[in-house]
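These notes concern the structure reproduced below.
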Amino acid sequence: MGLVAGILMLSAGGFAPVSAQEIPNDFSAIVRQKLPAVVAITTRQIIQDQTMLDDFLNPFDSRGPAQPQVREALGSGFVVSPEGYIVTNNHVVADSTEIHVVFSDKETSPARLVGRDPATDIAVLKVDPRPNMTTTAWGDSDAMQPGAWTIAIGSPFGLGGTVTVGVLSARSRDIQAGPYDDFLQTDASINRGNSGGPLFNARGEVIGVNTAIVSPFGGSIGIGFAVPSRTARSVADQLIRTGRIERGFIGVRLQEVTPSLAQALGISSTKGALVASVEPGSPADKAGLQSGDVITRFNGKEVQGVHDLTLAAANEKPGSKATLTRNRGGSQQEVELTLGQRKDEEVQTGAVPSPEAADQRLGLSLSPIPDEARQQLGLQPGTTGVAPNSPAAENGLRPGDVIVSANNRDVAQPSDIQEEWARSRQQHKPILLRINRQGQSLFIALAAS
């Protein structure tokens, strides 16, 4: 399954001089201890294709009945408890009709799917406990620094018990695989079949779950990605305990702060997440957050952009308290709220596009919206529209967009926008428009030449 072009699903502190004792001669002791806890995973999926439907509709076809197709897949996993719980990737087991695990001694056991989380690509399986079952221990992925040793064990191309060694290349990689991307990057060789296998540190602790690689030619080129243990452990623990995932929910749609938006908002930095709209009745609404607020910190940690805030909120437990710092009109304020429960269907809807405006004249063709059209769009009185085929469409606006406010001033007629446009030109800054696009709110900043 592709993530982006060339990427395939597959599987702080101060510094001190490194002493000779800290550089291991080899990793054989760790491998001997942990290899029995790493398993190969085989899955089977029954594919019901269109031919079978045709046979049902025409059972007397001379070709005879079609046979269901069986798709087999390989992956890896690791035992996390003596009760027989095994962590792997969601994409290894999703839609499977049969799952088996193969231990290092070649014994095969059927496995039951306990739960899975597509958003983080983590799944948990359950097998009957074995006598003296070897387990892994979770490590601290946040303590890992680039350059630290990493050890991958898995079943690339079905070759069980394969060990590769490298270093941690980077942290917090966002490869556009999902809303909660926060991958560790390693140059330890990872290939097809390593999916779901453990990434160990030099103490033999699991600090990641191998998930993806950059692969222009289908094999490893030394750029692999692992779900950090901070995320994987939390997800696995929830799946084992309840079979489902709970994520914190604020109730806002967000945009990145572009340079033109920052200028229009009157703020000096593009850091933070711009609130495009607030869901009525949500925790954000109850806490007084408004469209146009820029959230710059969450629980004391700086928010660089939309991804930071989405990840931070999701990692909090529903019902817990959170403190946000918002920038409203250049003034910083702290806001406290109680996080709600994120619903599955809301996972992919945390951010909206941020169209970048070109530096040219406004070029808007405006007209009041007839009352009948207002009712169809669900709009309150006091908004204006963008005429179809307007030159402004080239600057981020589209025919059918509805301008709700200009420079945070509600507009009631085209002249209101013209007044704000003239004021923005006098101040040599873009005009900030909040628009309604098919029921969703977002901000656009348009600059004049």
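The values are calculated or read from the model by the stated rules, or taken from the named source; none is laboratory data. Computed from a predicted structure; not experimentally measured. When we count neighbours, we look across all protein chains shown, and the Cβ atoms used for this are built from the backbone with ideal geometry, even at glycine. When the accessible area is computed, the model is the full protein with side chains, heavy atoms only, and any ligands, DNA or RNA have been set aside. Shrake-Rupley method; radii C 1.70, N 1.55, O 1.52, S 1.80 Å.
I'd like the residue in the range 106-120 that is over 19 Å from the mean Cα position of the chain (by Cα) and in a loop (DSSP other than H, G, I, E, B) and, out of all such residues, is farthest from Ser155 (Cα to Cα).
Ranking the qualifying residues of the range 106-120, first place goes to Ala111.
Just checking, does the range 274-287 include any residue being modelled with pLDDT of 90 or more, among the small types (Gly, Ala, Ser) and in contact with a helix residue (DSSP H, G or I) (Cβ under 8 Å, 6 or more places away or on another chain)?
No; the residues of the range 274-287 include none that is modelled with pLDDT of 90 or more, among the small types (Gly, Ala, Ser) and in contact with a helix residue (DSSP H, G or I) (Cβ under 8 Å, 6 or more places away or on another chain).
Among the candidates Ser172, Ser189, Ser234, single out the residue that is polar (S, T, N, Q), part of a loop (DSSP other than H, G, I, E, B) and closer than 22 Å to Gly139 by Cβ.
Ser189
Within the range 138-151, can you find the residues that are open to solvent by 50 Å² or more (accessible area, probe 1.4 Å) and part of a loop (DSSP other than H, G, I, E, B)?
Passing the criteria: Asp140, Gln145, Pro146, Gly147.
I'd like the residue in the range 111-137 that is of a type in the set (D, E, K, R), in contact with a Gly (Cβ under 8 Å, 6 or more places away or on another chain) and open to solvent by 30 Å² or more (accessible area, probe 1.4 Å) and, out of all such residues, is nearest to Ile240 (Cα to Cα).
This residue is Lys126.
Restricting attention to the range 96-105, and to residues there that are open to solvent by 30 Å² or more (accessible area, probe 1.4 Å) and in a strand (DSSP E or B), which single residue is farthest from Val227 (Cα to Cα)?
This residue is Glu98.
Of all residues in the range 288-311, count the ones that are assigned to a helix (DSSP H, G or I) and open to solvent by less than 30 Å² (accessible area, probe 1.4 Å).
Going through the range 288-311 one residue at a time, the tally reaches 4.
Of everything in the range 163-185, what is open to solvent by 10 Å² or more (accessible area, probe 1.4 Å) and among the charged types (D, E, K, R)? Give them in sequence order.
Scanning the range 163-185 gives Arg171, Arg173, Asp174, Asp182.
Looking at (1) over 28 Å from Thr310 (Cβ atoms); (2) crowded, with 22+ Cβ neighbours inside 10 Å; (3) in contact with a Lys or Arg (Cβ under 8 Å, 6 or more places away or on another chain), which is the only condition Ala188 fails?
That leaves (3) as the condition not met.
Mind listing whichever residues of the range 256-276 are surrounded by 22 or more Cβ atoms within 10 Å (Cβ to Cβ) and either closer than 14 Å to Leu324 by Cα or of a type in the set (Ser, Thr, Tyr) (or both)?
Ser260, Gly272, Ala273, Leu274, Val275
If I go through the range 223-268 residue by residue, how many of them are among the acidic types (Asp, Glu) and within 21 Å of Ile175 (Cα to Cα)?
1
Identify all residues within the range 152-167 that are under 16 Å from Ala40 (Cα atoms) and either assigned to a strand (DSSP E or B) or over 27 Å from the mean Cα position of the chain (by Cα) (or both); write none if there are none.
Of everything in the range 152-167, those that are under 16 Å from Ala40 (Cα atoms) and either assigned to a strand (DSSP E or B) or over 27 Å from the mean Cα position of the chain (by Cα) (or both) turn out to be Ala152, Ile153, Gly154, Phe157, Gly158, Leu159, Gly160, Gly161, Thr162, Val163, Thr164.
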